[in-house]
Every structure is written in C-alpha cells, then in structure tokens.
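One structure is given below, encoded as structure tokens.
Computed from the coordinates by the stated procedures, all read-outs in this text should not be read as laboratory data. Values in this document were obtained by computation on a predicted structure and should not be read as measured data. Every residue, glycine among them, receives a Cβ derived from its backbone with ideal geometry; neighbour counts consider all protein chains shown.
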Amino acid sequence: MNSTPSWSRSPSPYAPARPQLSTLKSLARLLPYARPALKAMALSTLAAGVATGCGLVFPLVIGAIIDGPVTRRDTTGLVWWGLALLSLGIGEAGLFFVRRIIIARPAMAVEARMRDDLYAKLQRLPVSFHDRWPAGQLLSRAISDLGTIRRFVSFAFIFLIVNILTFVIGVGILLSLSWALGLVVAALALPLMAVSFVFESKYRVLSRRTQDQVGDLATMVEESVLGVRILKAFGQSRHFAREFLRQASALRETELAKARVLAWLWAAIVALPEVALGIALLLGIREVAAGTLTAGLLVSFFGVAMTLRWPVDSIGWLLAISNETAAATERFYEVMDSPETIRSPERPSRIAPATVGDARGRLAFRDVHFAFADAPGEKVLRGVDLELAPGETVALVGATGSGKTALTALVNRLHDITSGTIELDGVDIRSLALDDLRRRVAVAFEEPILFSASARENVLIGLGGGAREGENAIGAGGVGPDTQAAIDRALRVAQADFVHGLPWGLDTRIGEQGLSLSGGQRQRLALARAIVGRPEVLVLDDPLSALDIHTEAAVERALRSVLATTTSLVIAHRASTVMLADRVALLADGRIAAIGTHSELMATVPAYRALLASDMYRASGDEPRVDAPDTDCRKEASR
Ligand SMILES: Nc1ncnc2c1ncn2[C@@H]1O[C@H](COP(=O)(O)OP(=O)(O)OP(=O)(O)O)[C@@H](O)[C@H]1O
Ligand SMILES: [Mg+2]
C-alpha cells in the first residue's frame with residue numbers, strides 16, 4: 001500500500017509558524033552569543049563616543065577663537081588654540097581607528113561561533129528536518145544572515161547608542177548656546193524620529209521577506225546546478241530560467257519596495273534638518289544683529305548643529321540594520337529551536353562484548369509501526385516482525401513504495417519508529433548511544449552519494465569515529481597501515497579495485513556527488529564505505545542494482561567470505577540478488593507477509609511469485625526460474 005507523503009506547497013512552510021517577537025526581544029536572543037564580545041562592544045562604544053565628543057567640542061573652540069583672539073585682533077595665544085584644534089582632530093581620528101580595531105575580532109568571533117553552532121545543529125537534526133527544509137534556506141541563514149548579525153555587533157549597535165547620546169548632548173549644548181535656536185532644532189528633530197518609527201515597521205516586514213526570498217533563490221540555484229544534466233537532457237533549462245527570473249523579479253520587487261521606504265525616510269531625514277537649520281540661521285542672524293548673540297556663538301551653534309547631522313541622519317538607517325538583524329536572529333533560531341527528536345539516551349545501554357562462540361549482530365523487529373513525521377496519519381509500516389540471526393543474510397522484497405527503504409532507515413535511527421521495538425542483540429536500539437549504534441550498523445543507501453573528496457576519504461567516512469587518532473576521515477592527514485589495509489580489503493570485497501586505476505589512485509578527487517564515476521562504480525565505492533568498519537549489521541538498500549549479475553555475484557561471494565559474521569539485511573530489486581540470500585522476507589501492506597527461502601516462497605506464496613514475475617523484478621532482464629531449486633538459481637545467477 002502506498003502512503004501519500006504530505007507534499008508541501010510552494011513556498012514551502014518548512015518552519016512552523018511562530019509568534020512574531022518585537023525587534024528588541026529578537027535582538028535579546030543574541031545575548032548568549034554576544035556576551036563574550038560585550039566588553040569589546042562597550043570599549044568600542046566608549047572610543048566612538050569620545051571621538052564624537054571631540055567632534056562636538058571642535059566648533060565650540062572655533063567659536064571661542066572668533067569671540068576671543070579674532071574679535072580682539074590679538075594673535076598671542078593663537079598657537080595654543082591651533083594646537084588644541086589639532087589635538088582634537090587627531091584624537092577623533094585615532095579613536096575611530098581604535099574603535100574598529102577593538103571590535104573587529106570579537107565581532108567575527110560571534111559570527112563564527114553562531115555559524116559553528118548552526119552547522120553542528122544541522123548535523124544533529126533528524127533526517128525528517130532536512131526532508132522539510134530547502135538547502136538554500138539553510139545556506140542563506142549560514143552566510144548572509146550571520147553577516148548581518150556581525151555588522152550589527154560591530155557597527156550598528158555601537159552607533160545606535162553613540163548617535164542617540166550625541167544627539168541628546170548636542171541638543172543640550174545648542175540649548176545652552178541659545179535656547180531659542182536650540183528649541184527650533186530640537187522641535188524639528190522630534191517629527192523626524194516619529195517618521196523613522198513609522199517607516200521602521202514597514203521596513204521590518206519587507207526585510208524579512210527579502211531574506212526568505214534570497215533563501216528560495218539560493219535553493220533554486222543549488223537545485224538547478226546539481227540537476228543541470230537533467231535540465232539539459234529534457235530541454236528544461238529555459239523553463240527553469242523563466243522560473244528563476246520570476247523568483248528573482250519577486251525579490252527585485254521587494255528590494256524596490258524597500259528602496260521606496262528608504263527613499264521616503266531619507267527625504268524626511270534630509271529635508272527636516274535643512275528646514276530646522278534654515279529657520280535657526282534666520283533667527284540667529286537677527287539675534288547677532290540685535291547684539292543678543294555673539295558671532296562666535298552663532299558659528300559654534302552651526303558647527304554643533306552640523307555635527308548632529310550624521311547622528312540624526314543615521315538613526316533610520318541604523319534602525320533598519322537592527323531590524324534586519326532581528327529578522328536574521330529569528331531565522332537563525334528557527335533552525336536552532338527545531339527539536340532534535342533523535343538523540344542518544346541520557347544513560348546509554350551497552351551491548352556486552354562477544355564471548356567465544358557467541359556471535360553478535362542479532363537484529364529483531366518486533367511489532368514495528370512507522371509513519372513519517374510529516375505524514376503522521378499515513379502508516380508506512382504496520383506491525384513488522386522479523387528476526388535476523390547473527391551472520392544471516394535476509395533479502396527484503398516488496399512492491400515499489402511498500403516501505404522497504406523506510407524500514408532500513410529505522411535500523412540506524414535516521415527515523416525513529418512510531419511504536420514497537422527494534423533490538424540489537426536483545427537491546428532496544430533507542431537505549432544505545434547513537435554513535436555506538438551507528439558504528440555497529442552500516443548502511444549503503446539507495447542513492448550512492450559521494451562527497452567531493454578523494455576516493456580514500458570517501459571510503460574512510462565509513463570508519464566514522466573508528467578512524468585512529470591523528471587520522472582524518474575528511475581532510476588532510478595520511479592514514480596508518482592498519483587503516484589502509486582495512487580500506488584495501490573493503491575495496492576488494494566491494495569489487496571497487498577500479499579506484500587503483502584512477503589517475504591518482506585512491507587520492508583521485510571524486511567530483512561533486514561522484515558524478516565523474518559510472519553508476520556502478522559509485523555504488524561499489526559506497527558499498528566499500530559501508531563495510532570498511534566491519535559492522536555487525538549491514539543494511540543494503542538495493543546496493544548492487546547498477547551492476548551486471550556477474551559482478552553482483554562476485555561482490556556477494558566476497559561479502560559472504562569476508563563478512564561471515566555480519567548480519568545483512570539486503571533490499572533486493574532483482575531475482576539474482578534474492579537468490580543469494582539465506583532467507584527472503586516479503587513486505588506487503590506494512591507487514592512481513594511471508595518469510596522463508598526463495599524456493600519455499602516461490603512454491604507457497606502466490607503474492608511472492610507474482611511480485612518476482614512482475615515488471616519491477618523483470619526489468620533487470622533476469623527473470624527468475626520459477627521452478628528452479630535455490631542452489632540452481634544461485635549457480636544460474638553467478639554463471
Ligand atoms: N520523507 C518522507 N515523508 C513522507 N512520506 C515518505 C517519505 N519518504 C517516503 N515516503 C513514502 O513512504 C512510502 C514508502 O517509501 P519507501 O521509500 O520506503 O518505498 P520503497 O519500498 O523503498 O520503494 P522502492 O522500491 O521504490 O525503493 C512511499 O509511499 C513514499 O511515498
Ligand atoms: Mg526504496
């Protein structure tokens with residue numbers, strides 16, 4: 001029976017709806033990561049504050065020069081005034097330099113730590129999470145969102161504080177210089193802030209939309225690059241290009257809407273202070289003419305007012321960065337808050353080491369029920385009972401979509417069963433530490449996915465935590481003689497000796513996803529990866545489908561002789577594979593409908609006979625001989 005997966009509509013609702021937090025609450029969630037940088041942020045704020053202070057004092061000194069030596073036409077103290085101005089200028093420049101140096105490293109550390117945590121979390125999250133989330137959304141979070149957060153920590157946060165303080169102090173100075181003129185400037189700054197807040201809320205919605213659209217676009221690029229062969233082969237490149245253009249246009253529209261909001265904001269930001277300064281200038285000139293204000297004070301006033309331009313101008317822009325940061329933080333935590341449904345137990349059980357004559361690797365499914373997390377109502381398995389003795393090879397057959405792959409994904413807990421138990425040597429697999437379980441159980445998947453690393457590194461991945469000290473599964477570092485021997489054996493068993501003939505042998509880099517190899521070569525390398533760690537249980541999801549039956553038989557023979565003590569569950573799509581197993585289990589309607597040797601099932605189970613005679617099992621061209629006894633079939637297959 002086929003269960004229907006819950007296909008999601010596009011744009012995919014991969015993240016569950018969450019209550020929208022206020023900007024401040026979202027930003028507060030940065031605190032655990034920003035904490036180590038707080039000291040540097042405070043020092044950097046202090047440096048920027050003092051530098052801006054120098055900028056505020058500068059016009060006051062000029063005003064004093066005008067009202068003092070210039071008015072008195074007395075040049076005696078001028079050198080000292082000049083030196084005072086020079087040191088203010090040097091102080092301002094030096095402090096801005098120091099500010100940036102102080103914060104650069106800690107801010108990058110915040111970004112790096114968040115990125116490390118995100119990556120580690122993505123590794124821990126269950127497969128069902130990755131089934132749901134498009135890769136581009138994760139990519140855009142790991143790259144552009146974290147960049148936005150770094151800019152906030154190193155820049156926007158600091159200047160938000162410094163500029164607001166500068167504004168308050170500056171207005172205070174203006175009021176003390178001339179309270180009437182000061183009031184005019186301050187009064188016009190207030191509507192400016194109100195305008196900023198109105199635009200801020202609009203901008204926030206748009207910036208979140210942009211970030212999501214960038215993620216969708218990244219997904220599209222990723223998929224069409226990986227699937228470029230299919231697009232070309234089916235002449236769909238144009239169709240995809242059109243779809244890409246549509247998504248890119250949607251992003252452009254959002255960006256344009258953002259630009260419009262910013263344009264209005266900037267218009268207000270520029271116009272209002274100009275109006276304020278114009279009015280103040282007219283009033284000031286009248287006061288100077290009336291003798292109630294000195295020329296020096298008027299110059300100081302405008303000097304300070306001009307210094308306030310940047311703090312006032314930048315507020316809207318800094319608020320925009322803060323908003324983007326709040327959205328980026330939300331997007332980051334959407335991933336970080338996702339539950340790790342599959343994890344090691346607090347106190348893991350241990351399987352006792354094997355004693356002499358007591359083989360390990362007994363695998364038992366007991367009343368196993370299973371439904372995928374995103375289709376909880378559709379049970380794929382409904383009471384599977386199956387026991388594999390140590391060293392036994394059981395082939396699993398069933399119609400397409402009957403749940404064979406789903407069943408294999410349960411053994412090393414890529415998915416967790418819904419009810420029932422799976423036991424390894426009498427211990428519930430959920431009570432074992434995950435890495436212990438996954439060291440004992442190796443899987444070769446339906447799709448032989450390889451990494452863009454050397455052939456050796458691809459095989460070494462199968463050793464997992466078993467690689468020796470100083471040896472790396474992926475990355476630099478050679479391997480010791482024992483590990484190399486294990487690799488050579490695995491390659492031999494998997495009939496993957498072809499790698500020695502590659503241009504640089506085992507060091508040859510396999511192209512992205514192994515696309516530089518043939519399908520059968522990929523499968524054999526993936527099989528070598530599965531067996532290199534000498535697992536107790538080997539689960540093979542139709543791993544030899546791309547091999548001709550002679551090679552398949554050779555692999556099977558080698559597997560049997562070398563891994564005599566390994567229990568194997570082999571999903572078979574070909575009669576030739578089935579005939580090499582000790583027993584065959586038929587999966588139908590979510591249960592094991594029949595189990596026995598191939599010939600027993602052939603003789604007694606019509607459904608089995610029908611399945612093996614069906615197109616699916618005949619497609620490979622090696623139709624089983626219905627009446628042939630088991631051993632004959634095996635000879636037939638390997639001939
Ligand atoms: N991630 C998923 N979410 C929801 N449903 C899924 C998911 N993966 C598979 N399914 C559904 O579960 C059912 C069993 O799929 P499974 O891949 O186990 O079939 P199979 O027996 O391995 O088929 P085949 O012989 O074609 O490989 C199918 O109906 C499939 O559509
Ligand atoms: Mg399958």
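Annotations for the structure displayed:
- As a rough guide to protection, the peptides 223-229, 601-607, 455-461 ranked by mean Cβ packing within 10 Å, highest first, stand as 455-461, 601-607, 223-229.
- On Cα atoms only, tilt of 157-177 relative to the major axis of the chain in degrees: 10 degrees
- A257 paired with L165, simple spin-label distance in nm, labels 7 Å along Cα-to-beta-carbon: 3.8 nm
- Phi angles of the stretch 607-613 translate, via the Karplus equation with coefficients 6.51, -1.76, 1.60 and θ = phi - 60°, into HN-Hα couplings of 4, 5, 4, 5, 5, 6, 8 Hz per residue; Gly and Pro are given as x.
- Computed 3J(HN,Hα) for the stretch 297-311, one whole-Hz value per residue from the Karplus formula 6.51 cos²θ - 1.76 cosθ + 1.60 where θ = phi - 60°, is 5, 5, 5, 4, 4, 6, x, 5, 4, 5, 4, 7, 4, 4, x, glycine and proline marked x.
- Segment Q123-A546, extension gain: residue separation times 0.36 nm, minus the distance between their alpha carbons: 149.3 nm
- Neighbour-count order for S599, S561, fewest beta carbons within 10 angstrom listed first: S561, S599
- Value of [θ]222 nm, deg cm²/dmol, for the chain, DSSP H segments ≥ 4, -39500 (n - 2.57) each, nearest 500: -19000 deg cm²/dmol
- Label point distance in nm, A373-D482, each placed 7 Å from Cα along Cα→Cβ: 3.7 nm
- Note on E324, E423: ascending count of other Cβ atoms within 10 Å places them as E423, E324, the fewest first.
- Cross-link reach is defined here as a Cα-Cα straight distance under 29 Å, omitting same-chain residues fewer than 8 places apart; for K379 the lysines meeting it are K121, K404.
- Listed peptides 435-447, 101-113 by packing density, highest first (mean Cβ within 10 Å): 435-447, 101-113
- As a proxy for reagent exposure, ranking S452, S201 by other Cβ atoms within 10 Å from fewest up yields S201, S452.
- Only the Cβ atoms of Lys and Arg (+1) and of Asp and Glu (-1) were treated as charged; on that basis the dipole of the stretch 23-336 about its Cα centre amounts to roughly 760 debye.
- Scanning residues 5 or more positions from V584 or on other chains, those with amide H under 5 Å from its amide H are A395, G596, T597, H598, with H placed 1.01 Å from N in the peptide plane.
- Residues R366 and A248, FRET efficiency given R0 of 56 Å [Cβ-Cβ distance, rounded to 0.05]: 0.60
- Label positions at A28 and A42, each projected 7 Å from the Cα along the C-beta direction, are separated by 2.0 nm.
- Tilt relative to the chain, helix 549-562 - C-alpha long axis, 0 to 90 degrees, to 10: 90 degrees
- Modelled FRET efficiency - R0 30 Å, R18 with D131, Cβ distances, 0.05 increments: 0.90
- Computed over the chain: relative contact order in percent, which uses C-alpha pairs under 8 Å that are six or more apart: 15 percent
- Sorting 580-593, 283-296 by their mean Cβ neighbour count within 10 Å, with the most densely packed peptide first, gives 580-593, 283-296.
- The charge dipole of the chain, taken about its Cα centre with unit charges on the Cβ of Lys, Arg, Asp and Glu (plus for the first two, minus for the last two), comes to roughly 1440 debye.
- Chain lengthening between R72 and H239 when straightened (0.36 nm per residue, less Cα-Cα): 52.1 nm
- Taking only the alpha carbons of the stretch 23-336, we obtain Rg and Dmax values of 25.5, 88 Å in that order.
- From phi via Karplus (6.51, -1.76, 1.60), per-residue ³J(HN,Hα) for the stretch 381-393 in Hz, x at Gly/Pro: 10, 9, x, 7, 10, 7, 10, 10, 6, x, x, 7, 10
- Nearest-ten-degree value, helix 78-124 long axis tilted from longest Cα axis of the chain: 20 degrees
- The chain: antiparallel DSSP beta bridges as a percent of all, rounded to 5: 50 percent
- Note on D116 and R489: with the Förster distance fixed at 45 Å, the Cβ-Cβ geometry gives a FRET efficiency of about 0.80.
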